[in-house]
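What follows is a set of notes on a single structure, which appears directly below.
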Amino acid sequence: NAAELHEARGLPALIFVEAAQAVPGELMQRFPQGSRLMLLSRGASNATPVNLTPGFFAVADPRVSSDGAKVAFAGQKEKNAHWQIWEMNADGSGKHPIPNCPGDCFQPKYLARGEIALTAVTEKAGKLNSQIYVGKADGTGLHPITFGPGDYQVETIMQDGRLLISAETPLVTEARDRHGRTLFVIGTDGTGLFEFRSEPGLH
């Protein structure tokens, strides 16, 4: 995972996740040995990257704001702690959690009008389920825009502002044999869900 920052303002050029081990499967178990966000300054390809998250056991999913000033990311302060969404300045200063995350939260995406989208993983009756939440970037008004089975995850933001998401298919409670994920498009208000592309090998 890497995110380019705006160079016109002389901000850092690249932020990426560094991990000793990355494994497929559940979002919360991708980095069993921990991970960190690294910064590589613009025009300094031979320089040593700087660790932006020394106080975290694991981090993931960095996302840069449209003005290049802020970075949102998923962070786990200690091993086995809940994953939460955090925000910091592009130089790593001013870290603060975005509150009201319902469970373990990942994949933050900055939206228009000061909003944010994220993937929230919750547990019910011993089973994990993930849904897409949208709210203000300060954490207020977070609410789900997907419901039911499917283990929805945010993938990216479309050029027209809609969300590209993925889910296990078929999207019915009775389905017990889901071998792949399908890409869907959905509005940030939860309307207009339709299939974009089927990806049997997508994880």
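Take the conditions open to solvent by less than 70 Å² (accessible area, probe 1.4 Å), in a loop (DSSP other than H, G, I, E, B), in contact with a strand residue (DSSP E or B) (Cβ under 8 Å, 6 or more places away or on another chain) and of a type in the set (A, V, I, L, M) and apply them to Ala47. Does it pass? Here the answer is yes, as Ala47 does meet what is asked. All of (1) under 25 Å from Gly25 (Cα atoms); (2) touching a residue at least 24 places away in the same chain (Cβ under 8 Å); (3) open to solvent by less than 20 Å² (accessible area, probe 1.4 Å) hold for Gly148 with one exception: (3). The set of residues in the stretch 158-203 being on the phi < 0 side of the Ramachandran plot, open to solvent by 40 Å² or more (accessible area, probe 1.4 Å) and at pLDDT 80 or above consists of Met158, Gln159, Asp160, Arg162, Glu168, Asp189, Thr191, Leu193, Phe194, Glu195, Phe196.
Looking only at the stretch 87-100, filter to residues that are at positive phi and in contact with a strand residue (DSSP E or B) (Cβ under 7 Å, 6 or more places away or on another chain); which one of those is most open to solvent (accessible area, probe 1.4 Å)? Walk me through it before giving the result.
First pass over the stretch 87-100, keeping only residues at positive phi: 92, 94, 100.
Going one step further and asking which of them are in contact with a strand residue (DSSP E or B) (Cβ under 7 Å, 6 or more places away or on another chain), we end up with 92, 94.
Numbers: Gly92: 11, Gly94: 49 Å².
Ranking the candidates gives Gly94 first.
Taking the criterion of being part of a loop (DSSP other than H, G, I, E, B), modelled with pLDDT of 95 or more and open to solvent by 50 Å² or more (accessible area, probe 1.4 Å), no residue of the stretch 101-137 qualifies.
The values are calculated or read from the model by the stated rules, or taken from the named source; none is laboratory data. These numbers were taken from a predicted model, which means no experiment stands behind them. Using ideal geometry, Cβ is built from the backbone for each residue, glycine included, and neighbour counts are taken over all protein chains shown. Please note that ligands, DNA and RNA were not included when accessible areas were found on the heavy atoms of the full protein model with its side chains. Shrake-Rupley method; radii C 1.70, N 1.55, O 1.52, S 1.80 Å.
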